[in-house]
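The values are calculated or read from the model by the stated rules, or taken from the named source; none is laboratory data. Please read all numbers here as calculations on a predicted model, not as lab measurements. In this analysis, Cβ positions are derived from the backbone assuming ideal geometry, glycine residues included, and neighbour counts consider all displayed protein chains.
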Amino acid sequence: MDRTPPAAKSDEIELYIRTYYSLLRSSGPVRIRSLEETHMGMRSNLHHLADSPDLDISALVYSALRLPEQIVDTHLMVMGQMEDVFAREGYAIETWKPVRARARRRKYYYNAKSHTMAAFVASVSDIDDLVPCMSTFQIEWNKIHQKLSNGQIRERLLHHKDTDPAHSVDLLTAISDALDLTPGELGKLGQLWPGSRLITNMQKAVRHRMDLRMVVLGSGLGDYRRSVQHWWGKVEAAVPHLSLWERPIYFVSSNTHSIVNLITGLSWELQHEILDFVRRENPEDLLSELTALPDDEGAHLQNFLYYASRLYLSSLPDQTQVSALVAERERAAGVTRVSDPHCLDVEAQIVELCKLDRKRLDPRLQGLSDEEWELLRESNAIILNIDYPLGMAAYHIFSQVSTAVGRIMGVYVLGKAATLNGRVGDVMIPNVVYDEHSQNTFLFRNCFTATDVSSLLNFGTVFDNQKAVTVRGTILQNRSFMHVFYEEGYTDIEMEAGPYLSGIYEDVYPQRYPVNEIVNLFINVPYDIGLIHYASDTPISRRQTLLSKSMSYFGVDATYATSIAVMRRILSQEATRMAKLKKGAGPLALPERR
């Protein structure tokens with residue numbers, strides 16, 4: 001019998017979390033510097049040089065990518081759930097500038113006059129993400145301030161004018177020496193702050209130490225629930241003719257591109273244009289990938305086209321025409337997008353199964369018979385695909401959806417994870433999940449096995465019957481914490497599975513999810529539970545991660561292998577349901593479980 005891992009929490013991490021939540025109860029702004037000691041004390045795996053005078057470039061880049069670039073000028077970070085939460089406290093964010101982080105989907109607004117940034121938070125997971133990121137960034141920024149404030153480099157920076165490229169090159173060399181950076185580390189900073197922004201930010205670092213403050217507005221659970229209700233209202237309003245409240249729903253949490261690419265056929269339609277573009281422009285060095293593609297395997301080319309199509313379409317001069325073409329192809333495939341649902345930065349896609357065009361589907365989805373396709377044309381079922389949310393937002397969203405739709409037919413969750421025993425690009429299929437939020441260990445029957453994915457995967461390896469742990473935040477982990485789980489056989493670290501399983505529990509049982517229990521979901525769950533994770537990080541071995549560069553073909557390969565497995569399952573299940581309905585087995589008859 002699986003059990004909760006002993007000492008499944010780190011005292012240092014718990015102290016850090018308790019500290020910032022206790023401080024955030026204050027009615028006034030809280031200084032990030034009040035958290036620096038406990039932040040350093042937890043010895044985060046992603047910020048292992050926090051208490052060292054040496055720069056931790058990887059941690060600096062990681063945190064900076066998850067914050068808008070205006071963070072270098074920000075004095076106050078205000079967090080809230082909805083526009084009216086900010087408005088009732090006097091923050092007129094509708095007049096502020098919308099800004100974005102490159103590696104985190106979250107709504108931000110910035111007021112340059114007051115140096116104030118507003119961040120929308122969908123759950124406590126956003127706070128568990130934002131606070132450590134701000135702490136990490138401030139600690140590393142102030143190291144830069146300290147190192148550049150000594151010697152002649154300070155005066156050179158203060159008096160530098162960006163007019164002579166030769167002087168800029170010499171200055172970059174001096175900055176690198178002052179910060180004790182390797183050429184590779186300086187290159188990472190150059191990618192983070194390209195062009196003149198690197199020297200500009202170094203000038204800002206010389207002029208001031210960072211002293212960020214933060215405040216949380218409307219931190220009650222009701223505010224989070226209201227923001228999700230508002231989000232769902234926008235989704236329903238986008239498809240009033242579908243009456244989602246009476247439709248069978250296949251719920252998918254994945255991304256906004258893979259399923260749409262698989263069913264619209266647009267990439268194949270533009271195949272020659274995309275390949276010509278790659279040969280001519282070589283974006284992201286894709287020409288070398290194209291040259292290396294096998295001649296006799298279509299799957300490689302299909303995945304390549306899906307990835308390169310985004311770059312090709314974004315390069316075209318008439319984006320209005322591009323948007324119209326994409327929208328038309330998606331409408332023909334029965335897809336409705338809800339791309340700006342306010343509050344939560346979680347895009348939703350509604351797919352009507354009866355409108356799928358078999359001729360335009362990815363060839364790997366052509367396994368059904370003619371009779372089964374005829375049955376699908378009579379289906380009233382919907383795929384609701386959402387751009388996977390962060391942490392506990394998954395619980396709030398699924399709780400809302402499960403109470404608002406006609407019937408849940410399956411829950412399929414695809415996402416990135418860290419692996420403790422595999423390589424980047426491998427796929428993990430868990431049937432045990434320990435959830436840090438609830439301290440529950442969930443046992444469930446995963447509808448997917450290794451054979452469902454392995455034949456679709458060109459590079460990585462598939463591991464099923466795995467044990468996953470849902471953590472509260474990426475920075476809120478240290479090596480001793482991970483080793484505790486590794487010793488208990490937990491090798492899959494991610495952020496959404498536990499909250500989704502808590503939502504499934506409440507959809508099935510007439511009570512709130514329990515706390516600190518072993519929860520058996522093998523029985524009483526009348527629909528598929530399918531969780532698939534693909535490895536984007538190897539935190540113990542410190543090998544290269546997908547997150548450190550543009551998505552490689554390991555990532556694209558795993559994304560489409562898992563997405564195809566989900567679509568195959570949905571199509572098969574719905575064809576079986578419609579066949580039973582046709583035979584008079586009842587409108588709510590469910591496909592047989594494997």
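The set of residues in segment 353-402 that are among the charged types (D, E, K, R) and touching a Ser or Thr at 6+ places or on another chain (Cβ under 6 Å) contains only ASP387. Here PRO294 clears all of (1) of a type outside the set (Lys, Arg); (2) buried (at least 18 other Cβ atoms within 10 Å of the Cβ); (3) not in a helix (DSSP H, G or I) except the condition numbered (2).
Which residues, counting only those in segment 19-38, are under 20 Å from ASP51 (Cα atoms) and either part of a helix (DSSP H, G or I) or in contact with a helix residue (DSSP H, G or I) (Cβ under 7 Å, 6 or more places away or on another chain) (or both)?
Across segment 19-38, the qualifying residues are THR19, TYR20, ILE32, ARG33, SER34, LEU35, GLU36, GLU37, THR38.
Screening segment 159-262 for helices (runs of 4 or more DSSP H) wholly inside it with 3 or more residues that are out of contact with any Cys (no Cβ under 6 Å at 6 or more places or on another chain) and not assigned by TED's automatic domain parsing to the domain that holds ALA119 returns the ranges 221-238.
Going by what's in this entry, would THR320 be described as β-branched (Val, Ile, Thr) and out of contact with any strand residue (DSSP E or B) (no Cβ under 8 Å at 6 or more places or on another chain)?
yes
Checking each residue in segment 267-294 for being touching a residue at least 60 places away in the same chain (Cβ under 8 Å) and either more than 15 Å from TYR560 (Cβ to Cβ) or of a type in the set (Ser, Thr, Tyr) (or both) picks out GLU269, GLU284. For segment 339-348, the criterion of being touching a residue at least 24 places away in the same chain (Cβ under 8 Å), under 30 Å from LEU301 (Cα atoms) and crowded, with 21+ Cβ neighbours inside 10 Å is met by at least one residue. Restricting attention to segment 434-470, which residues are over 30 Å from SER123 (Cα atoms), in contact (Cβ under 8 Å) with a residue 40 or more places away in the chain and either part of a loop (DSSP other than H, G, I, E, B) or not hydrophobic (A, V, I, L, M, F, W, C) (or both)? Residues satisfying the conditions are ASP452, LEU456, LEU457, ASN458, PHE459, GLY460. Being at pLDDT 95 or above and not acidic (Asp, Glu) is a description that applies to ALA381.
The lone criterion from (1) part of a loop (DSSP other than H, G, I, E, B); (2) touching a residue at least 40 places away in the same chain (Cβ under 8 Å) left unmet by ASP51 is number (2). Given the structure, is GLY218 more than 23 Å from SER52 (Cα to Cα), surrounded by fewer than 17 Cβ atoms within 10 Å (Cβ to Cβ) and not acidic (Asp, Glu)? No, not satisfied.
With respect to the conditions (1) surrounded by fewer than 18 Cβ atoms within 10 Å (Cβ to Cβ); (2) more than 30 Å from ALA87 (Cα to Cα); (3) in contact with a Ser or Thr (Cβ under 8 Å, 6 or more places away or on another chain); (4) not hydroxyl-bearing (Ser, Thr, Tyr), HIS208 lacks only one, and its number is (3).
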